[in-house]
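What follows is a single structure, written as structure tokens, with notes after it.
The values are calculated or read from the model by the stated rules, or taken from the named source; none is laboratory data. Only a predicted model underlies this, so the values are computations on that prediction, with no experimental measurement involved. Here Cβ is always computed from backbone atoms with ideal geometry, including for glycine, and neighbour counts include all displayed protein chains. Areas reflect the complete protein model, heavy atoms only, side chains present, ligands, DNA and RNA absent. Shrake-Rupley method; radii C 1.70, N 1.55, O 1.52, S 1.80 Å.
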Amino acid sequence: MKVKIAVVGLGNVGRSLMQMWGQLELWASGIGADIFLIAALDSSGGIFSQKGINPSIVLREKVSFNEISRSKLSKKIDAKYVIEKLHPDILIDLTPTNVKDGEPGFSNVLCALNQGVNVIVSSKNHLRSIKAMQKVEKLAEKKHAMFLDGASVMGGTPVFEMFDGINSEIIEVRAILNGSTNYILCKLQETGFQSALNDAIKRGYAEADYEYDVKGYDSALKVVGLCNRIFNKKIGRTDVRLFGIDKSHLGIEGIDQPLIQKLKNEGKTIKLVCKISEEAGSIKASVGPEILSKTDSLANIDSINNAIEIKGKANNSELNLFLAGPGSGGDVTASRVAGNLKKMLKELKRCENAKHKD
């Protein structure tokens, strides 16, 4: 089984995916699949060939020139061209989340699905609204295409896969879903807010447009994703209550080193906590800072790590779960993207085998 793959987005996650491509090829061969990278693009252009391109060369050119269009190997192409002219079997869209309009990633997804191309994303562009989620789901169903977004929530930690493996009534979810803000809060033990933020940006944990993380918007979109998958309820970002340490702030804004030190002396800490519960069939969701005792399960989640605590029940028995792992950074998010790719390849192979039996 030959599978043609196009990758759009060569930021931290895209470059990390190029580095692990050899491992993916080896794994795919083990299930009888030959995967070919036929295109790799950033916002300036891309390198492509129907015969396949070498991921190491893509990585070299991207690192050397920053913009892939400056490479002699590149062409001025975009995702639409790749989808409609090269006809990949899978599109991996790693463009950033755009809270305002979802572009360019959202259009890339719709274009691919409309052509019957299977899609994997790491962004949360489809989670901006109920309308956007429904549009993607309906189009994927209509065109019999797969759409996997596991990397959009908790980075490298397979939270969706954990829920898919159990059957229970979920009562409440508490979580830390943004590695960037968690890293900043941890750094505040030793430095000021601006210094901690700059360090997070330098390490690639936070974007230069940091308000998306700091004000809790990123966490709110992830809450939307969790509601959709765990509670099977669709809510919009505006349905998630955002708050801060006071009425003039959102997210972790206004939290400073003296406050962190004061809480530490009291045996406490502060985290950006996401909460989801269902009451009388309605979802109640929020994102905001919460002061925690050191005995709280979320209190000791440090650095870029994420965690989720689930309270539920199976029949009359309690079923409480806790999962923690890396939530930010190119390598860990690319690992989750690769996991989604493995899942997709298995399904494509299963479908091929079923056709041969018929």
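With the cut-off at 1.5 for a/c, could you classify segment 14-93 from its C-alpha gyration tensor as rounded, prolate or oblate? Oblate shape, in that a/c is at least 1.5 and b/c is the bigger or equal ratio. In a reduced charge model with +1 at each Lys and Arg Cβ and -1 at each Asp and Glu Cβ, segment 73-147 shows a dipole moment near 160 debye about its Cα centre. Taking the Cα centre of segment 123-254 as reference, the dipole from Cβ charges on Lys and Arg (+1) and Asp and Glu (-1) amounts to some 560 debye. Here the label points at GLN115 and LEU86, each 7 Å from Cα along the C-beta direction, are separated by 0.9 nm in the simple model.
Counting each DSSP H run of 4 or more residues in the chain as -39500 (n - 2.57), what helix-only mean residue ellipticity at 222 nm follows after dividing by all residues, to the nearest 500 deg cm²/dmol?
It comes out at -10500 deg cm²/dmol, rounded to the nearest 500.
Applying a DSSP loop filter and a limit of 10 other Cβ atoms within 10 Å to the trypsin sites (Lys or Arg not before Pro) in segment 186-233 leaves nothing. For ARG350, the solvent-accessible surface computed with a 1.4 Å probe is close to 130 Å², ligands and nucleic acids excluded. Note on the chain: Rg/Rh from Cα positions, Kirkwood definition for Rh, rounded to two decimals, is 0.98.
Farthest towards the positive end of the charge dipole of the chain, among the residues GLY339, GLY267, SER74, is the Cα of SER74, using unit charges on the Cβ of Lys, Arg, Asp and Glu. Ranking LEU139, ASN98, ALA324 by Cα position along the charge dipole of the chain, where only Lys, Arg, Asp and Glu carry charges on their C-beta atoms, puts LEU139 farthest toward the positive end. The largest accessible area among LEU348, LEU73 belongs to the first residue in LEU73, LEU348, and the rest follow in falling order (1.4 Å probe, all chains). Using a simple spin-label model with pseudo-atoms 7 Å out from Cα toward Cβ, LEU321 and LYS135 lie 3.1 nm apart. Taking every DSSP beta bridge that has both ends in the chain, the antiparallel portion is near 65%. Cut-off 13 Å, label point 7 angstrom out along Cα-to-Cβ of TRP27: give me the residues of segment 328-358 whose amide nitrogen falls inside. Within reach of a label on TRP27, which here means backbone N under 13 Å from a point 7 Å along Cα→Cβ, segment 328-358 contributes 332-347.
Shape of segment 186-266 from its Cα gyration tensor (a ≥ b ≥ c, root eigenvalues): rounded if a/c is under 1.5, otherwise prolate when a/b > b/c, or oblate? In terms of gyration-tensor shape, prolate. Return the carbon/sulfur percentage of the accessible area of segment 1-136, one whole number, probe 1.4 Å, all protein chains in place. After summing per-atom areas, the C and S share lands at 49 percent.
Can you work out the PRE-style zone for SER43? Point 7 Å along Cα to Cβ, and I want the residues of segment 137-160 with backbone N under 18 Å. No residue passes the distance filter. The solvent-accessible area of PHE193, taken with every protein chain present and a 1.4 Å probe, is close to 50 Å².
The C-alpha radius of gyration of segment 203-358, expressed as a fraction of 2.2 N^0.38 Å, stands at 1.28. Basic side chains Lys and Arg get +1 at the Cβ, acidic Asp and Glu get -1 at the Cβ, and with that the dipole of the chain about its Cα centre reaches some 820 debye. Overall, the anisotropy analysis places segment 169-231 in the prolate class: the square-rooted eigenvalues a ≥ b ≥ c of its C-alpha gyration tensor yield a/c not less than 1.5, with a/b exceeding b/c. When nucleic acids and ligands are ignored and a 1.4 Å probe is applied, VAL214 ends up with an accessible area of around 10 Å². Put the Cα centre of segment 19-88 next to the Cα centre of segment 243-320 and the gap is 40 Å.
Within segment 296-310, which residues have the backbone N less than 14 Å from the label spot 7 Å out from GLN189 along Cα→beta-carbon, could you tell me? In segment 296-310, the label zone of GLN189 (backbone N under 14 Å from the point 7 Å along Cα→Cβ) covers 299-305.
Looking at the chain, the accessible area is 47 square angstrom per residue; that uses a 1.4 Å probe and ignores ligands, DNA and RNA.
Which of these, ALA334, ALA39, ALA314, has the largest mean-square fluctuation under a Gaussian network model of the chain (Cα springs below 10 Å)? Fluctuation is largest for ALA314. Between SER277 and LYS346, the modelled labels are 3.5 nm apart [label points 7 Å from Cα along Cα→Cβ].
Here segment 258-358 has 47 percent of its accessible surface on carbon and sulfur atoms, given a 1.4 Å probe and all protein chains in place. Of LYS142/LYS343; LYS80/LYS215; LYS76/LYS342, which ones are farther than 23 Å apart at the Cα? Exceeds cut-off: LYS80/LYS215; LYS76/LYS342. The lysines whose alpha-carbon is closer than 16 Å to the alpha-carbon of LYS233, local same-chain residues fewer than 8 away aside, are LYS131, LYS135, LYS138, LYS222, LYS275, LYS284.
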